[in-house]
């Protein structure tokens with residue numbers, strides 16, 4: 001076996017190792033896999049679920065709040081200010097003296113017309129009988145005023161905002177606007193994945209095609225070297241031609257090794273970008289570098305960018321959120337109207353005589369209005385702060401729009417230049433192909449030199465590699481422009 005062929009075989013073995021089963025992935029499959037494995041996209045999806053919960057929370061704030069409670073209390077000492085007897089601290093002797101004086105005054109009252117005997121009997125018996133009777137009544141009332149020391153209350157209350165200063169409606173609009181912002185962010189992440197995966201996939205196609213070009217170059221160099229040795233052996237060639245062809249073969253093998261390394265790195269980029277579970281040696285891709293048509297003017301590109309750009313659409317949704325935050329601050333000027341109702345079951349008893357306890361119901365309904373008339377100008381300052389936030393946001397939005405417009409102009413210019421270069425490189429490639437074909441035939445019939453053929457081959461391979469690079473640059477520039485204009 002020729003030393004060049006042997007060297008080439010060794011390189012191929014080291015590059016790919018043992019034979020592995022191929023795993024084929026198209027561009028669409030790579031994009032779908034990358035979206036399924038994207039951590040950024042998964043994070044946005046979780047944010048959207050959180051936004052859905054915030055919308056439901058805003059709706060729920062308009063529903064009634066039902067609260068249940070249980071309360072247990074024990075009174076170690078009681079003060080009863082309404083006691084009539086000694087149990088509450090009243091002066092019983094003074095009360096009896098006052099009662100006796102009242103009877104004496106009544107007995108001598110001429111309007112009653114009592115006889116002297118009747119007056120004497122009333123003065124002697126009346127105070128005593130009344131004092132005993134009223135004393136018993138005092139003891140009864142003292143027992144009635146003294147409550148049991150233990151109280152248990154079971155309650156259920158309902159609070160319903162009738163008009164919560166408009167905060168419910170504003171909060172719902174904020175939650176919806178935030179969710180809309182996240183939807184735009186999700187679309188932006190999807191387009192970013194499509195752009196990045198398409199770019200690395202097309203780069204892998206270019207690397208694969210470059211390997212094919214270098215493999216053809218190696219095969220041609222081997223054949224040229226074989227012919228040079230034959231011509232030298234029969235006396236029709238010079239030793240310099242043999243050395244030149246051998247050098248060309250060695251350089252072709254080096255170029256092939258570099259192209260294979262570039263292909264491996266490009267394939268590994270696809271694996272990492274998409275989260276594929278295969279090796280670079282097992283990965284197979286399909287398709288060729290496309291030559292897409294492009295006829296968009298710069299004005300059309302700018303108009304598309306202003307209407308469809310993902311970042312601008314996110315900023316538009318964010319502006320709606322900022323405006324609603326101002327409205328939320330203004331709701332502090334509005335009144336709060338509410339309704340409430342409660343039902344309680346209250347029991348009072350002593351532990352030493354639980355059966356003697358009493359239970360009763362306590363039911364209430366209420367409607368109320370609360371309106372803050374003066375807050376020390378804090379409400380006005382909150383509105384001013386939110387208004388300034390909106391103004392700063394609009395400035396940021398304007399800066400972003402200006403930057404995107406400049407980026408769109410640059411991307412359009414890059415596409416235009418790449419398209420023109422591609423057309424020029426197509427002409428160069430055709431000329432190089434014709435030149436190599438002529439040089440090869442001339443060498444085969446003996447009218448051309450080996451150096452002429454090798455130079456023509458070198459120019460042809462350079463043209464093929466350059467054409468691939470320009471075509472890839474054209475596709476990459478077009479991907480960038482389409483991402484900016486939202487047309488991916």
Among 219-225, 202-208, what's the highest-first ranking by average C-beta atoms within 10 angstrom per residue?
202-208, 219-225
Mean projection area, nm², convex hull over Cα of region 171-320:
14.8
Least to most buried among 417, 200, by other C-beta atoms within 10 Å and fewest first, runs 417, 200
What is the distance in Å between the Cα centroid of region 374-402 and that of region 163-210?
26
Can you pull the one-decimal nm distance between simple spin-label points at residue 320 and residue 52, each 7 Å off the Cα toward Cβ?
1.9
Report the label-to-label distance for residue 458 and residue 297 in nanometres (one decimal), using points 7 Å from each Cα along the Cα→Cβ vector.
4.8
Hey, could you grab the Kirkwood Rh for region 375-478? Inverse mean 1/r over distinct alpha carbon pairs, Å, one decimal.
18.5
Counting other C-beta atoms within 10 Å, which of 52, 352 has the fewest, and how do the rest follow?
352, 52
The alpha-carbon center of region 268-302 and that of region 220-243 are separated, in whole Å, by 43
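Bear in mind that the values in this text are calculations on the coordinates, not laboratory data. Bear in mind the structure is a predicted one, so any value in this text is a computation, not a measurement. Glycine gets a Cβ as well: all are built from the backbone with ideal geometry, and neighbour counts include every protein chain shown.
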